[in-house]
Amino acid sequence: MRKKMYVVLAVCVLVCGCDTLRFAPKEEQKQNAWLHWRTTELAAQKAKTEQVSAELQGATGLASQQSRAFVADYGMPKELPTAETAEQILNGCGATIAQTAYQQSIERPDVWQMADGAIDMGIALAGLLGGAYGVRITQFLKQARDKSKALKEIIEGNELFKQTNPASVQAFKDAQKEQSTQTRKIVTEVKAT
């Protein structure tokens with residue numbers, strides 16, 4: 001059963017790519033989700049007591065309901081920030097938590113580490129398979145890891161060369177004009193990480 005689970009995970013990563021992978025939510029992200037829910041809940045209550053338009057009451061009520069999904073997705077924080085009133089949220093640590101949560105949310109796993117992990121998992125699975133096929137798959141995956149590392153080193157070296165030798169950048173680009181579309185795509189993706 002475990003083998004099948006690992007194979008399914010590996011296939012999902014290969015098919016979907018690594019762009020959708022994220023770190024698990026941190027405490028500040030959980031606190032921010034909870035504060036967001038609490039803020040929208042207070043806004044919805046305020047909209048009702050101030051007798052604003054039905055449209056604004058509906059929008060704030062819906063926002064409060066929607067933000068509950070964020071808390072459910074991220075999970076409850078271990079420590080709830082003080083948020084009994086709007087003043088406590090606005091004058092407290094709400095803005096700091098929101099900024100920290102934003103910075104944490106844009107973090108992504110290193111694609112190179114993910115690739116190495118996937119290759120290591122493939123090698124482990126090949127070891128479980130055993131026999132001649134297991135040995136061949138292991139050799140293939142080790143070779144793929146070596147090539148991946150070499151590609152990373154080449155691209156990083158090229159980027160360093162272009163930064164330290166700005167006068168040679170155009171000549172460097174001219175020398176690369178004959179690259180295939182597939183190679184250009186791979187290099188662009190690697191440089192973006």
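Please go through the range 109-193 and write out the trypsin sites (Lys or Arg not before Pro) that DSSP classes as loop and that have at most 13 other C-beta atoms within 10 Å.
Of the trypsin sites (Lys or Arg not before Pro), the ones in loops of the range 109-193 whose Cβ has at most 13 other Cβ atoms within 10 Å are LYS177.
Between the helical axis of 27-49 and the dominant principal axis of the chain, each derived from Cα atoms, what acute angle in degrees is found, rounded to the nearest 10?
30
Determine the gain in length on full extension of the stretch ALA54-ASP174; use 0.36 nm per residue of separation and subtract their C-alpha separation, reporting nm with one decimal.
Extra length from ALA54 to ASP174 when fully extended: 36.9 nm.
For the range 82-113 and the range 125-193, write down the distance between their C-alpha centroids in whole Å.
Result: 36 Å between the Cα centres.
When a/c reaches 1.5 or more, the comparison of a/b and b/c decides; with that in mind, is the range 72-193 rounded, prolate or oblate per its Cα gyration tensor?
Oblate is the answer for the range 72-193, as a/c is 1.5 or above yet b/c matches or exceeds a/b.
Could you grab the relative contact order for the chain? Cα pairs under 8 Å, six or more apart, rounded to a whole percent.
Relative contact order of the chain: 22 percent.
Specify the longest stretch of the chain that does not include any exposed loop site, a site being one of the GluC sites (Glu not before Pro) with a non-H, G, I, E, B DSSP assignment and at most 12 other Cβ atoms within 10 Å.
108-177
Can you tell me which of GLY58, GLY75, GLY122 moves the most in a GNM of the chain? Springs connect C-alpha atoms under 10 Å apart.
It is GLY58.
Is there a pair in LYS30/LYS191; LYS142/LYS177; LYS162/LYS191; LYS152/LYS185; LYS142/LYS185 whose C-alpha atoms are over 21 Å apart, and which pairs would that be?
Pairs exceeding the cut-off: LYS30/LYS191; LYS142/LYS177; LYS142/LYS185.
Report, in degrees rounded to the nearest 10, the 0 to 90 angle that the Cα long axis of helix 111-129 makes with the longest principal axis of the chain.
70
Per-residue ellipticity at 222 nm for the chain, helices alone: DSSP H runs ≥ 4 residues times -39500 (n - 2.57), over residue total, nearest 500 deg cm²/dmol?
Rounded to the nearest 500, the figure is -26000 deg cm²/dmol.
Rounded to the nearest 0.05, what FRET efficiency is calculated for CYS93 and GLU156 with R0 set to 35 Å and r the Cβ-Cβ distance?
Efficiency, rounded to the nearest 0.05: 0.35.
Values quoted throughout were computed directly from the atomic coordinates according to the rules given, and no laboratory measurement underlies them. Here the structure is a predicted model, which means the values were calculated and not measured. All Cβ positions, even for glycine, are placed from backbone atoms using ideal geometry, and neighbour counts span all protein chains on display.
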